Amino acid sequence: MLIRSRDPGFVHPHPGDVTPRAVYEDRRAWLRLMAGGAAGAALPGWAARDARAQAPAAARPGKLAPLPGARSAVPGAVTMEKPTDHKDASSYNNFYEFGTDKSAPARQAHTLRTAPWSVEVEGLVGKPGRWALEDLLKLAPMEERLYRLRCVEGWSMVIPWVGYSLVGLIRRVEPLGSARYVEFVTLADPKQMPGLRSGVLDWPYTEALRLDEALHPLTLLAFGMYGEVLPNQNGAPVRIVVPWKYGFKSAKSIVKIRFTEKEPRTAWNKAARHEYGFYSNVNPEVDHPRWSQATERRIGEDGLFAKKRKTLMFNGYEAQVGQLYAGMDLKKFY
Ligand code: MTE
């Protein structure tokens, strides 16, 4: 993200995209897990939703364990735009722990071990503790959210995520009055993640939100996409998705959530302070120091004559989140 690939063009899926056996077997363990848990509470599946005019591109690809979700009722959570092809969403990725090339995560992330997995909650909360993935999956009903994802590099996708509002977890851990920020720490294991050998970021990859941003119902704790559990390259088994901010705010494969009083430093802010601010709200009027943010290229609309799209304020979620920033100078707090 930092230097070379402003717009390297769509990279076709690599043969390595085919799920290796070990990963597949891992997924079968998931499937067994979910038969007794979250998925057991069977909500209407993809077939039913397809009948309700969901674009066929979002159909469940059938590669991984199913993770259905009921269509979200959160205002703004389901865009009417056409979902990006699953193939593109799972083969054109930023996950630097598996390499800086867009096609590297799909090729290399099969080494990520997603079970057992837990997320530690610590810091300024009344109920700190470790949450096993199984318990997180059962904490709230799974919802399907069709969000735009706008990467700071100038491309975007529309992805049907499956998860629930992070606020569901936050309420359960009872933040103290002094908590003002929420930090997300992601896995950093050199044995599983070849990209950690590179010094491009100060590992682990961390991100953070102001507490009121984290409490906003659009902030999603995601476990799946396209009706299935997350592919490793998209941040399995659990990640954050914050649709009104540049994609790098949406940390993948999280292992810790920490509540703090002081604004946490974040991985990209540490790497290039003047380029990647703490807020990083999508804003067509505030350019990146090295390129304009006024337009974007929608993945799947590539081609010589494909028009760029106009980038929308807060990525199109202004009606829902604009009030969080009332009175703030968004050029200063970029
Ligand atoms: N999370 C981790 N742990 N490591 C990363 O390199 N890249 C970020 C974000 N989360 C990243 C990460 C960036 S730059 C983007 S654009 C999104 O993930 C991409 O998510 P996707 O590959 O699922 O589209």
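The values are calculated or read from the model by the stated rules, or taken from the named source; none is laboratory data. These numbers come from a predicted model, not from an experiment. Glycine gets a Cβ as well: all are built from the backbone with ideal geometry, and neighbour counts include every protein chain shown.
Cβ separations smaller than 7 Å between residues 6+ apart or across chains give the following pairs from region 234-253 residues that are among the aromatic types (Phe, Trp, Tyr) to residues that are within 7 Å of the ligand (Cβ to nearest atom) and at pLDDT 95 or above: Tyr246/Cys151; Tyr246/Val152; Phe248/Val152. For region 283-311, a tally of residues being in contact (Cβ under 8 Å) with a residue 12 or more places away in the chain, in contact with a strand residue (DSSP E or B) (Cβ under 8 Å, 6 or more places away or on another chain) and surrounded by fewer than 18 Cβ atoms within 10 Å (Cβ to Cβ) returns 6.
Considering only residues that are in a helix (DSSP H, G or I) and among the small types (Gly, Ala, Ser), look in region 283-334 and name the one that is nearest to Asp212 (Cα to Cα). Filtering region 283-334 for residues that are in a helix (DSSP H, G or I) and among the small types (Gly, Ala, Ser), the one nearest to Asp212 (Cα to Cα) comes out as Gly322. Only one entry of Glu143, Glu153 meets the criterion of being in contact (Cβ under 8 Å) with a residue 24 or more places away in the chain, touching a Lys or Arg at 6+ places or on another chain (Cβ under 8 Å) and within 19 Å of Val74 (Cβ to Cβ), and that entry is Glu143. Scan region 63-88 for residues that are assigned to a loop (DSSP other than H, G, I, E, B) and under 18 Å from Leu218 (Cβ atoms) and the total you get is 11. Restricting to region 89-111, name every residue that is assigned to a loop (DSSP other than H, G, I, E, B) and either near the ligand (Cβ under 10 Å from one of its atoms) or within 12 Å of Leu196 (Cβ to Cβ) (or both). If the condition is that a residue be assigned to a loop (DSSP other than H, G, I, E, B) and either near the ligand (Cβ under 10 Å from one of its atoms) or within 12 Å of Leu196 (Cβ to Cβ) (or both), then Ser90, Ser91, Tyr92, Asn93, Asn94, Phe95, Gly99, Thr100, Lys102 are the ones that fit.
Mind listing whichever residues of region 252-272 are within 19 Å of the chain's Cα centre (by Cα), of a type in the set (Gly, Ala, Ser) and part of a helix (DSSP H, G or I)? The one that is within 19 Å of the chain's Cα centre (by Cα), of a type in the set (Gly, Ala, Ser) and part of a helix (DSSP H, G or I): Ala267.
Per-residue answers, yes or no, for (1) touching a Cys at 6+ places or on another chain (Cβ under 7 Å); (2) under 24 Å from Lys82 (Cα atoms); (3) in a loop (DSSP other than H, G, I, E, B); (4) hydroxyl-bearing (Ser, Thr, Tyr):
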| site | (1), (2), (3), (4) |
| --- | --- |
| Pro204 | no, no, yes, no |
| Ala208 | no, no, no, no |
| Asp212 | no, no, no, no |
| Pro217 | no, yes, yes, no |
| Phe223 | no, yes, no, no |
| Gln233 | no, yes, no, no |
| Ala236 | no, yes, yes, no |
| Ile240 | no, yes, no, no |
| Pro243 | no, yes, yes, no |
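Trp155 - would you say it is within 16 Å of Asn94 (Cα to Cα) and touching a strand residue (DSSP E or B) at 6+ places or on another chain (Cβ under 8 Å)? So Trp155 fits the description; yes. For region 183-200, the set of residues classified as aliphatic (A, V, I, L, M) and closer than 20 Å to Ala236 by Cα consists of Val185, Leu187, Ala188, Met193, Leu196, listed by residue number. Within region 163-197, if we keep just the residues that are within 11 Å of the ligand (Cβ to nearest atom) and part of a loop (DSSP other than H, G, I, E, B), the residue that is farthest from Arg258 (Cα to Cα) turns out to be Met193.
Scanning region 213-233 turns up no residue that is surrounded by fewer than 18 Cβ atoms within 10 Å (Cβ to Cβ), of a type in the set (Asp, Glu) and either within 23 Å of Val286 (Cα to Cα) or touching a His at 6+ places or on another chain (Cβ under 9 Å) (or both). Thr266 - would you say it is β-branched (Val, Ile, Thr) and in contact with an Asp or Glu (Cβ under 7 Å, 6 or more places away or on another chain)? It is true that Thr266 is β-branched (Val, Ile, Thr) and in contact with an Asp or Glu (Cβ under 7 Å, 6 or more places away or on another chain). Taken over region 58-88, residues that are within 16 Å of the ligand (Cβ to nearest atom), modelled with pLDDT under 95 and not small (Gly, Ala, Ser) amount to 2.
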